[in-house]
């Protein structure tokens with residue numbers, strides 16, 4: 001019987017992401033996976049996978065030192081889960097909001113920023129900077145149903161702007177239609193004199 005290849009025997013360790021860290025978002029869970037991979041050495045990045053809310057690290061049996069180091073990185077990250085900032089695509093998935101809503105509420109202060117992060121796009125020299133958010137604040141917004149409240153406020157503000165615009169437009173039309181006061185036409189002997197109205201308008205005879 002042939003001896004089994006030692007590399008086929010794997011070292012395996014599994015962690016479960018708590019709901020309090022993902023807030024039920026698969027996008028957030030994937031973001032945590034990417035954060036963990038970013039902290040691992042290049043050779044170990046693909047050794048950790050995500051299945052639902054379970055993170056699994058699997059390596060060959062002869063990679064004990066790499067496995068031990070990866071376990072330390074992942075375990076350390078798991079302890080920091082609740083302090084990891086929420087990035088734009090994650091908060092949009094958690095709160096079920098659009099990009100335009102995120103920008104608007106961030107600009108008017110309803111959605112507080114926890115700072116910014118700058119990253120380099122894969123395969124490119126260009127860097128992008130974006131706002132990140134505190135997980136506890138995002139959870140509070142979700143629990144209090146503030147998104148629905150903000151949408152109602154936005155709808156009311158939009159309706160008020162429409163009413164103001166309609167009123168201004170109506171006022172403008174009214175002013176344009178205001179009849180001009182015309183001078184009464186000259187009568188009597190002066191009416192037959194050519195150019196009398198222009199001459200009278202100079203006020204020289206007053």
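Residue-wise test of (1) surrounded by 10 or more Cβ atoms within 10 Å (Cβ to Cβ); (2) closer than 24 Å to residue 22 by Cα; (3) within 24 Å of the chain's Cα centre (by Cα); (4) at pLDDT 85 or above.
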residue	(1), (2), (3), (4)
139	yes, yes, yes, yes
145	no, yes, yes, yes
156	yes, no, yes, yes
174	no, no, no, no
185	no, no, no, no
192	no, no, no, no
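What residue, among those in the stretch 78-91 that are out of contact with any strand residue (DSSP E or B) (no Cβ under 9 Å at 6 or more places or on another chain) and touching a residue at least 12 places away in the same chain (Cβ under 8 Å), is farthest from residue 146 (Cα to Cα)?
First pass over the stretch 78-91, keeping only residues out of contact with any strand residue (DSSP E or B) (no Cβ under 9 Å at 6 or more places or on another chain): 79-84, 89.
Okay, now just the ones that are also touching a residue at least 12 places away in the same chain (Cβ under 8 Å), so 81-84, 89.
On the way: 81: 24, 82: 21, 83: 22, 84: 22, 89: 18 Å.
It comes out as 81.
What number of residues within the stretch 59-79 satisfy the criterion of being buried (at least 16 other Cβ atoms within 10 Å of the Cβ) and not in a helix (DSSP H, G or I)?
3
Go through (1) in contact (Cβ under 8 Å) with a residue 12 or more places away in the chain; (2) in contact with a strand residue (DSSP E or B) (Cβ under 8 Å, 6 or more places away or on another chain); (3) within 28 Å of residue 41 (Cβ to Cβ); (4) not assigned by TED's automatic domain parsing to the domain that holds residue 23 for residue 113 and report which single condition fails.
The number of the failed condition is (3).
Do the conditions hold for residue 124, that is, is it in contact (Cβ under 8 Å) with a residue 40 or more places away in the chain and more than 28 Å from residue 13 (Cβ to Cβ)? Write out each step before concluding.
Working: in contact (Cβ under 8 Å) with a residue 40 or more places away in the chain: no; more than 28 Å from residue 13 (Cβ to Cβ): yes.
No, not satisfied.
The values are calculated or read from the model by the stated rules, or taken from the named source; none is laboratory data. Small disclaimer: the values here were computed from a predicted structure and weren't measured. Ideal geometry is used to build each Cβ from the backbone, glycine not excepted, and the neighbour counts take in all protein chains shown.
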